[in-house]
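Enquirer: Here's a structure for you.
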Amino acid sequence: MPDLKAIRERFPFLRTCNTVYLDSAATAQKPDVVMDAMSAFYTGNYASVHRGVYDISLLATQRYEKARAATARFINAVSPAEIVFTQGATAALNLLAWSLSAGMNQHSNVVVTELEHHANYLPWKAMCKKTGASLRVAKVGEDGFLTADAVTSQMDSHTAVVCVTAASNVLGCVPAIGEITACAHACGALTVIDGAQLVAHHSVDVQALDCDFFCFSAHKLYGPTGIGVLYGKLEQLQMLEPWQLGGGMVDSVGSFEEEDVWQPVPLRFEAGTPPIAEAIGFHAALDFLGEYGMDKIAAMEEELTQYALLETSRIPHVRIIGREHVTVPVFSLSTEGLSSYDLAALLNAYGIAVRCGSHCAQPLMTRLGCMDTLRVSLGVYSTINDVDNFCTRLESIINKYGRHRCAGS
Amino acid sequence: MPALEKRLVALRLTLDQLSSELDRLDYLISIAMAAHQRVDESLRRPEFEIAGCASRLWVRVTAREGLLHIDCDSDSVILRGLAIMVSEVYEGLTPWEAREVFADPLQGLELAEDLNDLRRESLHKVMARIRNTP
């Protein structure tokens, strides 16, 4: 197992701040290597990429493309050309929804699920409204779990795209992506996987998953904000129209009557000056994870997650939603008498950072019959002490303030 | 000093004595619990709901014999306490007097810094609803 104390030492935030940070599903803290890499780039050899002929531009290009290659290796893509850098997972999903709308009509349908983050729901809903296609929403069970059957039963020969999360940002459950993908392909549909909550916790092999597209953000993976990844099978990316036009993505611009010639994939999807420093910082984050190995990180987090679930479930009046399906270190709870906002605000007063609300997953909340939950999420740096602090404070808050409404309420 | 200004000063003096975030939250919860223990279902109706609030919040403003009477409820006990605290500034005023309350009761308070934008915005909507009652 990796040395947790040594890992924590590498995060300046954890060295300097006493906050118990249990909101890594929103964004992860950054190891110093990420800031160092970005700072060194900005101070040492900052320049734009791809078009400069001078040394520091050539070096910047080399480092930007090395980040792309490292990302390809991280998810076992066939080639770096299958990696498009975007602003984040949300931008990647919007790019897909916009680009794939070209082939949609009123006979087509798109399958999404109730488990999705709004980022993998709203773009498809908007795309369907625009094209006349149907939006089919696969239902989760009462405990929030999404079975493969619930998704595959929505598919037919008119299904164009199947969009599923690889791990729930609310409940931490993991749908059977391989099974869903195989069924989608049998129907002739493309698969879009929102990997934002999976990549930081499990090794991902896009070739084994056989998905057509896989999206995630760097900032949940200990990297910087402002950069994300759209993975696509090369032949699928080559079919897509670029969604943003401008500098860097075009090979030749013709007259009004002539067709413009786009750059090859992936550059045709990266209009404008890309997030260069962010890519370099992201590469440092991937190297950081590579030092420990995703399988070892997964095992360490799994142990802590099970401990957190056990200890939290021992607190009277706490209900963990879909506890038996929690796979990545994210789980949601509710309690009587206090809203998730009350709990989060009171925990914050004790220096414990957790998330409350609907977590950008209102279809799931509606299905679960609740407005909001308190979400706990762990990272590579989370400790038993963090969990114990959380549980102790949560129990004392519930004892002091909970169940305040009298009988008959 | 007019009664209204006295209320605002009293509110600030009370809150100024609460030095920590936990003290302030504790105070708000005590307000909420003292105000009413039972859910008033007649209040939890769409027409009284403050839109856009992550924790549901209902505010009913009525004018009886020319004076404002305000009821608040929320799924969140803290937000309910906040809404009650703010509404007590306006309670019993005439609608005309309420419209003359230009001061934001939360402005400059440490309590306001404890709130995120969404909650601050919700409280401003509560104040707007009170001020706009004919």
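Enquirer: Go through (1) free of Cβ contacts under 8 Å to residues at least 40 places away in the same chain; (2) crowded, with 24+ Cβ neighbours inside 10 Å one by one and return the number of the condition A:Gly178 breaks.
Expert: (2) is the only condition that A:Gly178 fails.
Enquirer: It is to be established whether one or more residues within the range A:89-102 are assigned to a loop (DSSP other than H, G, I, E, B) and either aliphatic (A, V, I, L, M) or within 16 Å of A:His283 (Cα to Cα) (or both).
Expert: Looking for residues that are assigned to a loop (DSSP other than H, G, I, E, B) and either aliphatic (A, V, I, L, M) or within 16 Å of A:His283 (Cα to Cα) (or both), one finds none in the range A:89-102, hence no.
Enquirer: Could you tell me whether B:Ala98 is over 20 Å from B:Leu15 (Cβ atoms), of a type in the set (A, V, I, L, M) and buried (at least 22 other Cβ atoms within 10 Å of the Cβ)?
Expert: Judged against the criteria, B:Ala98 is a match.
Enquirer: Residues of the range A:18-46 being among the β-branched types (Val, Ile, Thr) and under 10 Å from A:Gly281 (Cβ atoms), which ones?
Expert: A:Val33, A:Val34 - these are the residues of the range A:18-46 that are among the β-branched types (Val, Ile, Thr) and under 10 Å from A:Gly281 (Cβ atoms).
Enquirer: Restrict the check to the range A:385-399 and report whether at least one residue is outside any strand (DSSP E or B), hydroxyl-bearing (Ser, Thr, Tyr), in contact with a Ser or Thr (Cβ under 8 Å, 6 or more places away or on another chain) and within 30 Å of B:Asp26 (Cβ to Cβ).
Expert: Looking for residues that are outside any strand (DSSP E or B), hydroxyl-bearing (Ser, Thr, Tyr), in contact with a Ser or Thr (Cβ under 8 Å, 6 or more places away or on another chain) and within 30 Å of B:Asp26 (Cβ to Cβ), one finds none in the range A:385-399, hence no.
Enquirer: Quick one: which residue in B:Leu82, B:Leu106, B:Leu111 is in contact with a strand residue (DSSP E or B) (Cβ under 9 Å, 6 or more places away or on another chain) and among the aliphatic types (A, V, I, L, M)?
Expert: None of the others qualify; the one that does is B:Leu82.
Enquirer: Pick from A:Leu394, A:Leu368, A:Leu304: which is more than 14 Å from chain B (Cβ to nearest Cβ), in contact (Cβ under 8 Å) with a residue 60 or more places away in the chain and under 14 Å from A:Leu171 (Cβ atoms)?
Expert: A:Leu368
Enquirer: Continuing with this model, one more query. Please pick out the residue among A:Leu343, A:Leu347, A:Leu304 that is part of a helix (DSSP H, G or I), surrounded by 24 or more Cβ atoms within 10 Å (Cβ to Cβ) and modelled with pLDDT of 95 or more.
Expert: Going through A:Leu343, A:Leu347, A:Leu304 in turn, the sole match is A:Leu343.
Enquirer: Of the residues A:Ile297, A:Ile315, A:Ile352, which single one is crowded, with 17+ Cβ neighbours inside 10 Å, out of contact with any Asp or Glu (no Cβ under 6 Å at 6 or more places or on another chain), more than 14 Å from chain B (Cβ to nearest Cβ) and not acidic (Asp, Glu)?
Expert: None of the other options fit; the residue is A:Ile297.
Enquirer: Can you tell which of A:Gln207, A:Gln236 is surrounded by 15 or more Cβ atoms within 10 Å (Cβ to Cβ) and either at pLDDT below 95 or of a type in the set (S, T, N, Q) (or both)?
Expert: Checking each option against the conditions leaves just A:Gln236.
Enquirer: Let me ask you something else. Collect the residues in the range A:113-170 that are aromatic (Phe, Trp, Tyr) and assigned to a helix (DSSP H, G or I), keeping them in residue-number order.
Expert: Of everything in the range A:113-170, just one residue is aromatic (Phe, Trp, Tyr) and assigned to a helix (DSSP H, G or I), namely A:Trp124.
Enquirer: A:Lys400 is checked against (1) modelled with pLDDT of 95 or more; (2) within 11 Å of another protein chain (Cβ to nearest Cβ) and fails just one. What number does that condition carry?
Expert: (1)
Enquirer: Within the range A:1-38, track down each residue that is surrounded by fewer than 20 Cβ atoms within 10 Å (Cβ to Cβ), β-branched (Val, Ile, Thr), in contact with a helix residue (DSSP H, G or I) (Cβ under 9 Å, 6 or more places away or on another chain) and assigned to a helix (DSSP H, G or I).
Expert: The one that is surrounded by fewer than 20 Cβ atoms within 10 Å (Cβ to Cβ), β-branched (Val, Ile, Thr), in contact with a helix residue (DSSP H, G or I) (Cβ under 9 Å, 6 or more places away or on another chain) and assigned to a helix (DSSP H, G or I): A:Val33.
Enquirer: Another question about this same structure. Kindly indicate which of B:Leu28, B:Leu111 is within 14 Å of another protein chain (Cβ to nearest Cβ), out of contact with any Lys or Arg (no Cβ under 7 Å at 6 or more places or on another chain), surrounded by 13 or more Cβ atoms within 10 Å (Cβ to Cβ) and of a type in the set (A, V, I, L, M, F, W, C).
Expert: B:Leu28
Enquirer: Is it the case, given these coordinates, that A:Ala184 is surrounded by fewer than 21 Cβ atoms within 10 Å (Cβ to Cβ), among the aliphatic types (A, V, I, L, M) and more than 22 Å from A:Ala91 (Cα to Cα)?
Expert: No: the conditions fail for A:Ala184.
Enquirer: Could I ask something else about it? How about the range B:84-127: which of its residues are small (Gly, Ala, Ser) and at pLDDT below 90?
Expert: Of everything in the range B:84-127, those that are small (Gly, Ala, Ser) and at pLDDT below 90 turn out to be B:Ser87, B:Ala98, B:Ala103, B:Gly108, B:Ala112, B:Ser122.
Enquirer: Next question. Out of A:Phe41, A:Phe85, I need the residue that is surrounded by 14 or more Cβ atoms within 10 Å (Cβ to Cβ) and over 18 Å from A:Val265 (Cα atoms). Which one?
Expert: A:Phe41
Enquirer: Please go through the range A:355-397 and pick out each residue that is of a type in the set (Val, Ile, Thr) and either under 26 Å from A:Lys296 (Cβ atoms) or surrounded by fewer than 17 Cβ atoms within 10 Å (Cβ to Cβ) (or both).
Expert: Hits for the range A:355-397 are A:Thr366, A:Val376, A:Val380, A:Thr383, A:Ile384, A:Val387, A:Thr392.
Enquirer: What do you reckon, is A:Glu235 more than 21 Å from A:Ala70 (Cα to Cα), away from chain B (no Cβ under 14 Å) and of a type in the set (Asp, Glu)?
Expert: So A:Glu235 fails the test.
Enquirer: Just to be sure I understand, how many residues within the range A:243-283 are surrounded by fewer than 16 Cβ atoms within 10 Å (Cβ to Cβ), among the β-branched types (Val, Ile, Thr) and more than 21 Å from A:Ser57 (Cβ to Cβ)?
Expert: Qualifying residue count, the range A:243-283: 2.
Enquirer: Select from the range B:57-71 the residues that are within 27 Å of A:Gly337 (Cβ to Cβ) and in contact with a Phe, Trp or Tyr (Cβ under 7 Å, 6 or more places away or on another chain) and list them in ascending order.
Expert: Hits for the range B:57-71 are B:Trp58, B:Val59, B:Arg60, B:Ile70.
Enquirer: Show me the helices (runs of 4 or more DSSP H) found entirely inside the range B:49-134 where at least 2 residues are out of contact with any helix residue (DSSP H, G or I) (no Cβ under 9 Å at 6 or more places or on another chain).
Expert: Helices (runs of 4 or more DSSP H) meeting the threshold: B:117-131.
The values are calculated or read from the model by the stated rules, or taken from the named source; none is laboratory data. The structure presented is a predicted model; accordingly, all values stated were derived computationally and were not measured. Counting neighbours? That spans all protein chains shown, and the Cβs are built from the backbone with ideal geometry, glycine included.
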